[in-house]
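Read the structure below first, then the notes.
Every number in this text was worked out from the coordinates using simple rules, so none of it is lab data. Computed from a predicted structure; not experimentally measured. A quick note on method: Cβ atoms are made from the backbone with ideal geometry, for glycine too, and the neighbour counts reach across all protein chains shown.
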Amino acid sequence: MKSVVGIDPSLSNTAVCVYDGTDFATTCFPTKPTGRLLRHRIDRYCFVAAGVCKLLVEAQRPTLVLIEGYGFRSQAANAQGEFGGILRFLINSALPTGLHNVAEVAPATLKKFAAGKGNAKKIAMVAALTKRYDVLFETDDEYDAYALARMAACLAGIEEPQTQQQRTAMETVRKSAGIPTLAEGTEEVTLALSKDRHGYACQLRPLKTGN
């Protein structure tokens, strides 16, 4: 069975939605700053990124992973860039195909898919998704991740888009990022979480198989 994943990266509450062809399952990684030093920031980012990668590994070779692109309109732009770089690096290491089946979705494109307009407010996105798919989440981040997983399911051919706006948004993703194909014979990895005296860290290890 094909699986797809939607990731909404957030410094305070990254959300991941995994669709296995039957159910959509969302997971959140809420965090708060643990200190002002560089190591505190990086440990925080690595903890979240490692959790996301663990879900990707458990999804067993997802056909497509969509991650919301950067929106540098806040004063936290530098921190978002740091976190986004670490997250993408670890995703590249965790997936057997690297980033070949990972595509970014611009915030405006995601809004168009979810609510029909690229400038839709967050409340309009939530209302549209709730009405169309009869879902209810506690955070905006979960709604974003769910919308990304829905789009990924359509792009992967698991589901059909329901509106012309959704088709247009999907075509935008196809043109900007393409829909990569899975590579064969790539090395799998396993991910281990560890906790150090400053916070959290992660380690990616080759998956050993016997012959």
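Below are the figures for this structure:
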| quantity | calculated |
| --- | --- |
| Under 9 Å, Cβ to Cβ, from ALA114 - net charge with Lys/Arg +1 and Asp/Glu -1 | +3 |
| Table column - 3J(HN,Hα) (Hz), the range 83-98, Karplus curve with 6.51, -1.76, 1.60, x for Gly and Pro | 4, x, x, 5, 4, 5, 4, 6, 4, 4, 7, 7, 7, x, 9, x |
| Stretch gain in nm, segment GLU58-ASN119, where the contour uses 0.36 nm per residue and the Cα spacing is subtracted | 18.5 nm |
| Neighbour net charge for GLY21 - beta-carbon separation under 12 angstrom, K R +1, D E -1 | -2 |
| Under the Karplus curve 6.51 cos²θ - 1.76 cosθ + 1.60, θ = phi - 60°, whole-Hz ³J(HN,Hα) for the range 35-50, x wherever Gly or Pro sits | x, 9, 7, 4, 4, 5, 5, 5, 4, 5, 4, 5, 4, 5, 4, 5 |
| Net length gained if the chain between ARG132 and LEU37 were fully extended (0.36 nm per residue, minus Cα distance) | 29.8 nm |
| Listed residue pairs exceeding 22 Å between alpha carbons, taken from LYS54/LYS175; LYS32/LYS111; LYS111/LYS175; LYS2/LYS54; LYS112/LYS175 | LYS54/LYS175; LYS32/LYS111 |
| For GLN165, net neighbour charge (Lys/Arg +1, Asp/Glu -1) across residues whose Cβ lies under 9 Å away | +3 |
| Exposure proxy ranking, count of Cβ atoms within 10 Å, fewest first, for LEU66, LEU110, LEU37 | LEU37, LEU110, LEU66 |
| For the range 1-144, with +1 on Lys and Arg beta carbons and -1 on Asp and Glu, the positive-most of ALA128, TYR70, SER93 along the dipole | TYR70 |
| Estimated FRET transfer efficiency when R0 is 30 angstrom, pair ARG167-SER12 (beta carbons, to 0.05) | 0.35 |
| For VAL105, residues with placed amide H under 5 Å, excluding near neighbours | ILE67, GLU68, GLY69 |
